[in-house]
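Only one structure is covered here, and it is reproduced in the block below.
Just so it is clear, none of the values below were taken in a lab; they were calculated from the coordinates. Being a predicted model, the structure only gives us computed values, none of them experimental. Don't worry about glycine lacking a Cβ; one is built from the backbone with ideal geometry, like all the others, and counts go over all protein chains shown.
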Amino acid sequence: MTALRLLSGRFAWPRRRDALPGFGIGLGLTLLWLGVLVILPLTALMVRPWSGGIHDGARAVASAMRDGRMLAALRVSFCSALIAALADLVPGLLLAWALVRSDIPGRRVIDMLVELPFALPTAVVGITMATLYAANGWIGAPLARMGLRVAYTQTGIVIALMFIGLPFVVRTVAPVLRNLPRDVEEAAEVLGASRAQVVGRVILPALYPALVTAFGMAFARGIGEYGSVIFIAGNQPFHTEIAPLLIIIRLQEYDTRGATLIGVVLVVLSLLSLAAISVLRRCLSHAQA
Amino acid sequence: MSVNLDHIIRVSPRNGQPIVDDVSLTVADGSFTALVGPSGAGKTSLLRIIAGLDPHQGGQVSIDGARVDNLAARERNIGFVFQHYALFAHMSVADNIGFGLSIRPRRTRPTRAEIASRVAELLDLMQLPGVGGRYPHQLSGGQRQRVALARALATGPRLLLLDEPFGALDPLVRRQIRGWLRDLHERLGLTTILVTHDRQEATELADTIALMRHGRIVQAGTARQLEESPASPFVMEFTGDVIRIPGRVEHGLFIADMPDIHAFATTGADGRADVLIRPSDIRLLPERGGAMAWLRQTRGMLGTYDFTTSVGIQGLRFETVVPDGAAPIVVNCALDISAGRIARDDAWIQPVAVTATAVPALRT
């Protein structure tokens with residue numbers, strides 16, 4: 001009896017009542033869900049190449065590392081996602097600015113349209129883009145006359161990824177911009193700052209953490225994006241073939257291990273990138289608790 | 001630097017209502033002026049017009065005799081302290097204070113070392129040693145307020161504008177900073193305009209008080225002038241405790257609706273009217289009426305009375321001087337309110353009734 005009380009005393013939950021009812025049960029269910037839906041499949045993916053023994057697995061990994069086609073596909077995926085995410089920041093910021101700060105007509109409609117890339121089937125986006133940017137398409141034809149080819153090049157991939165990534169930037173930056181107090185800008189103005197200085201030294205630095213987050217989300221989405229890219233990419237091995245597509249190709253060749261290995265590399269690289277972005281964001285926002 | 005406001009008008013861009021309605025005011029060089037009034041009186045709007053943060057539709061603003069209406073806020077060289085500090089959250093305290101200097105064009109910008117020494121000097125002046133490397137969110141409200149003030153002073157402004165700078169502070173810190181700000185003003189001699197809704201704060205800090213209401217300046221003068229000769233019932237009610245006693249003027253006498261209040265002579269026209277009186281000016285007259293006054297508590301010479309009339313259950317509670325040898329319960333008493341002022345429709349109906357003689361209370 002005494003021992004029981006001692007135990008319950010030592011392992012008692014914190015006394016503070018949480019505002020969320022059933023927090024303990026909720027957290028437990030969430031962790032279970034996270035385990036079943038996220039961690040379990042990822043672990044299975046990680047373990048799969050080693051199913052035939054350590055030596056067998058190591059040999060497979062080593063040969064994969066020399067697989068030029070896979071490396072090229074990974075490079076295409078990561079580089080395109082990186083460029084697209086970076087390129088999204090400028091129009092994303094401008095769009096967020098327009099939605100928050102200006103009274104342009106049809107603001108609400110634009111606000112709604114921003115989310116469209118989330119709702120559209122990615123294949124529809126891909127086919128539409130491929131048609132538009134093809135050498136005889138509405139946008140592709142004038143560009144072709146200027147000597148620019150978009151469809152079936154890496155530029156095409158980047159444009160498709162930009163379309164997919166833009167909502168992330170707008171939706172991440174807009175609320176931060178909206179909550180930015182106006183008096184801070186006025187304070188800078190009274191102290192003698194020009195409009196450019198207000199933007200460059202007061203507003204943008206306050207948005208950096210949000211911009212990094214937005215970049216991270218657009219980048220992560222870009223690495224895994226499949227549907228919208230394959231139609232415009234042309235899918236030439238070594239040039240415009242993206243990693244997710246190569247996984248499908250490997251699977252169709254019944255090369256499950258090859259497909260798994262690409263998956264593993266994608267997961268590891270994505271995790272590393274996201275960790276780096278998270279560190280960067282923390283560095284930038286250390287001043288703003 | 002002196003500031004001259006000449007018939008300033010600003011209308012709300014939303015509904016066209018006047019926010020600042022034909023305001024003229026002169027702020028003397030080196031003075032400390034307070035714009036006081038209830039919320040929505042247009043105090044902050046007026047301050048923002050002076051700073052150039054809000055446009056105005058009529059009149060002109062001059063600083064030191066030169067018109068500044070066409071100058072943008074950044075060209076006016078005015079220090080402005082915002083109600084919620086408006087510090088730059090991503091900059092250290094030192095960078096916040098040095099901001100105004102560091103953004104100057106290259107040829108007028110002080111060197112890094114000069115900026116650093118100016119920042120150190122201001123931190124010292126603000127009694128904020130050693131916080132230069134911290135970030136605003138790490139400071140208390142009072143510290144943030146002083147950093148905001150230091151930032152406003154860093155560029156050597158010719159005028160300092162304070163927009164409810166103590167609004168977000170707790171009362172104790174508020175009082176400390178108030179005293180300290182007054183000292184600072186005396187030391188720097190910088191022309192200062194303060195916006196506040198707290199009359200006590202204004203009285204303590206400012207030489208001149210401009211009381212605003214509905215976008216207009218109702219009265220401007222020293223705290224004493226406002227208190228002793230208020231221009232309207234509103235000024236009187238704003239500058240201190242006031243008891244309003246309804247009644248009427250009849251044949252040159254003010255007669256209160258309540259019984260047991262002595263009527264007194266006035267020169268106003270007949271009709272409904274109110275007497276406004278500071279409670280301390282109310283005199284209790286024992287053995288002169290039919291009411292009862294009950295002394296609830298005393299504070300030095302003053303006592304809080306519950307005054308109950310003989311007819312009906314009408315009452316007043318007020319704090320006034322306790323007459324010599326007064327018992328805790330005074331029966332058969334009456335009130336002399338002839339030291340009050342008579343108001344009708346938000347204006348005085350006559351100047352001060354100085355020589356009013358008390359006449360026996362009329363039973364109604």
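Tell me the mean residue ellipticity at 222 nm calculated for chain B from its helices only (DSSP H runs of n ≥ 4, each -39500 (n - 2.57), averaged over every residue, nearest 500).
On the way: 8 runs with 85 residues, N = 364.
Mean residue ellipticity at 222 nm (helix-derived): -7000 deg cm²/dmol.
Roughly how many Å is it from the Cα centre of segment A:172-198 to that of segment A:117-170, as a whole number?
One Cα centre to the other: 35 Å.
What is the distance, in nm, between label points placed 7 Å from the Cα along the Cα-to-Cβ direction at A:Asp255 and at A:Leu37?
3.3
Would you tell me the mean number of C-beta atoms belonging to other protein chains that fall within 10 Å of each C-beta in B:74-83, as a whole number?
Partner Cβ neighbours, averaged per residue: 4.
Running Debye on the protein assembly as shown with equal point scatterers at the Cα sites and no solvent, what base-10 log of I(q)/I(0) appears at q = 0.05, 0.06, 0.10, 0.12 Å⁻¹?
Debye curve over Cα of the protein assembly as shown, log10 I(q)/I(0) at q = 0.05, 0.06, 0.10, 0.12 Å⁻¹: -0.45, -0.60, -1.06, -1.22.
Report the FRET efficiency, 1/(1 + (r/R0)^6), for A:Trp50 and B:Arg182, where r is their Cβ-Cβ distance and R0 is 60 Å, rounded to 0.05. Write down the numbers at each step before the final one.
Values: r = 77 Å, r/R0 = 1.28.
It comes to 0.20.
Just to confirm my numbers, what's the Cα centroid distance between segment B:94-164 and segment B:4-53 in Å?
Computed from Cα coordinates, the inter-centre distance equals 27 Å.
Over all directions, the average projected area of the alpha-carbon convex hull for segment A:123-188 comes to how many nm²? Please report the intermediate quantities before stating the final value.
Details: hull surface 27.7 nm².
In nm², the orientation-averaged hull projection of segment A:123-188 is 6.9.
When the gyration tensor of segment B:241-348 is built from Cα positions, what are the square roots of 5 times its three eigenvalues, in whole Å, from largest to smallest? Could the numbers behind the result be given before it?
On the way: eigenvalues 119, 43, 25 Å².
Working from the Cα gyration tensor, I get semi-axes of 24, 15, 11 Å.
For chain A, I need the span (max minus min coordinate) of the C-alpha atoms along each principal axis, in Å, sorted largest to smallest.
87, 70, 31
Would you kindly calculate the translational diffusion coefficient of segment B:3-238, applying Stokes-Einstein with the Kirkwood radius from alpha carbon pairs, for 10 °C and a viscosity of 1.306 mPa s, and quote it in µm² s⁻¹ without decimals? It would help to have the intermediate numbers written out before the result.
Details: Rh = 18.5 Å.
Value of D from the Cα-based Kirkwood radius: 86 µm²/s.
Calculated FRET efficiency, A:Arg149 and A:Arg75, Cβ-Cβ r, R0 22 Å, to nearest 0.05? List each step's numbers first, then the result.
Numbers: r = 20 Å, r/R0 = 0.90.
Given R0 = 22 Å and the Cβ-Cβ separation, E is 0.65.
What spacing in nm lies between the two simple spin-label points modelled at B:Ile329 and B:Arg216, each 7 Å away from Cα in the Cβ direction?
A separation of 5.0 nm, rounded to one decimal place.
Quick one: if the Förster radius is 60 Å, what FRET efficiency do B:Glu228 and A:Ile110 give, using the C-beta to C-beta distance and rounding to 0.05?
Working: r = 61 Å, r/R0 = 1.02.
E between B:Glu228 and A:Ile110, to the nearest 0.05, is 0.45.
Once the piece of chain linking B:Ser117 and B:Leu302 is laid out straight, how much longer is it, given 0.36 nm per residue of separation minus the C-alpha distance between them?
Details: separation 185, 0.36 × 185 = 66.60 nm, distance 5.42 nm.
The span from B:Ser117 to B:Leu302 would gain 61.2 nm if fully extended.
Above 19 Å lies some portion of the pair distances; for segment A:171-289, what is it as a whole percent of all C-alpha pairs?
Cα-Cα pairs in segment A:171-289 separated by more than 19 Å: 63 percent.
Give me the base-10 log of I(q)/I(0) for segment B:132-175 at each q in 0.24 Å⁻¹, Debye formula, one uniform scatterer per Cα, rounded to two decimals.
Debye intensities relative to I(0), on a log10 scale: -0.93.
In Å and whole numbers, how far do the C-alpha atoms of segment A:38-155 stretch along each principal axis, longest first?
64, 39, 24
Within 10 Å of each Cβ of B:100-113, how many other protein chain Cβ atoms are there on average? Walk me through the numbers on the way to the answer.
Details: counts 6, 2, 4, 10, 4, 2, 0, 0, 0, 0, 0, 0, 0, 0.
Across the residues of B:100-113, the mean count of other-chain Cβ atoms within 10 Å is 2.
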